[in-house]
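Structure first, commentary second.
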Amino acid sequence: MMHQNARTAVFPLTRQHRVGTLMMFRGAQHFFRPERLAATMRQLAADGEVPPALADSDDPLGFSGSPRRA
């Protein structure tokens, strides 16, 4: 984990209040490599983890409102 203090300062509160957290570093790797994002989405769809339509989309994360990098 990049920010070790999150383990004691953030995660206990998020768990207590049942708030989900994301590891943005891991997610950010996909934003910078569109081919990797596409491959990951295809695999997730094949595994039944995401709807198949996301694997076929040119913008599979468009639903999140996150800006795409060109």
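In the condition set (1) modelled with pLDDT of 85 or more; (2) in contact with a helix residue (DSSP H, G or I) (Cβ under 9 Å, 6 or more places away or on another chain); (3) part of a helix (DSSP H, G or I), GLU49 is compliant with all but (3).
Regarding THR21, is this residue of a type in the set (S, T, N, Q) and modelled with pLDDT of 85 or more? Please lay out each step first, then the result.
Working: of a type in the set (S, T, N, Q): yes; modelled with pLDDT of 85 or more: no.
Considered against the rule, which asks whether it is of a type in the set (S, T, N, Q) and modelled with pLDDT of 85 or more, THR21 comes out as no.
The values are calculated or read from the model by the stated rules, or taken from the named source; none is laboratory data. Predicted model only: the values in this text are computed from it and were never measured. Because the Cβ atoms are built from the backbone with ideal geometry, glycine has one as well, and the counts that use them run over all protein chains shown.
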